[in-house]
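Accompanying notes for the structure given below.
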Amino acid sequence: MPPRPTPIPLRILRGNPHKRKVPKEPDLLIAPEVPDPPPFIEAYATEEWCRIAAGLHRTKLLTAVDHAALGGYCVAYARWRTAEEALRIMADKDPITRALLVKSKHGYAMENPLVYTSRRAAQEMLRFASEFGFTPAARARIAAGISTAEPKSKFGDLLA
């Protein structure tokens with residue numbers, strides 16, 4: 001399977017060491033101002049949208065067609081945060097397993113379903129986050145391509 005294409009703004013931020021032509025993204029997709037959160041998200045998801053949308057818009061990583069993807073990230077964030085808060089409340093009442101284990105309907109110990117919910121939401125968050133460059137690894141890929149110095153010629157030092 002070939003690697004997924006990199007978004008054009010990320011390609012520009014990384015630099016163009018191979019000097020390949022970078023296609024221009026249509027300006028029609030960039031909203032003139034930071035978009036409002038979509039109506040299907042609420043509470044923690046809306047807070048997260050408001051926290052990150054301005055930065056994404058400023059770097060031209062949030063276009064009109066990216067609202068659903070960012071909304072998906074924000075919903076996954078809200079689900080993860082809600083599960084973690086519920087686990088913390090349960091952990092305070094269970095000093096032995098810290099709510100990681102619960103009894104099944106048959107009386108056997110099993111993993112708390114909130115642990116699974118939290119883990120799954122965190123995986124979804126990371127998947128969306130890497131698309132927008134939120135993770136340290138994604139930022140490192142961007143920073144690795146940024147160069148402020150002029151590229152040296154192979155033979156520049158011979159002539160000096």
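Read-outs: derived from the displayed coordinates by stated rules, not from any lab. Keep in mind that what you see is a predicted model, and the values were worked out from it rather than measured. Ideal geometry is used to build each Cβ from the backbone, glycine not excepted, and the neighbour counts take in all protein chains shown.
As a rough guide to protection, the peptides 86-96, 40-50, 108-118, 72-82 ranked by mean Cβ packing within 10 Å, highest first, stand as 72-82, 40-50, 108-118, 86-96. Note on region 17-113: Rg/Rh from Cα positions, Kirkwood definition for Rh, rounded to two decimals, is 1.24.
In summary, the aspartates and glutamates within cross-link reach of K21, defined as a Cα separation below 20 angstrom excluding same-chain residues under 8 places away, comprise E150. The three principal axes of the C-alpha atoms in region 62-140 carry coordinate ranges of 50, 25, 18 Å, sorted with the longest axis first.
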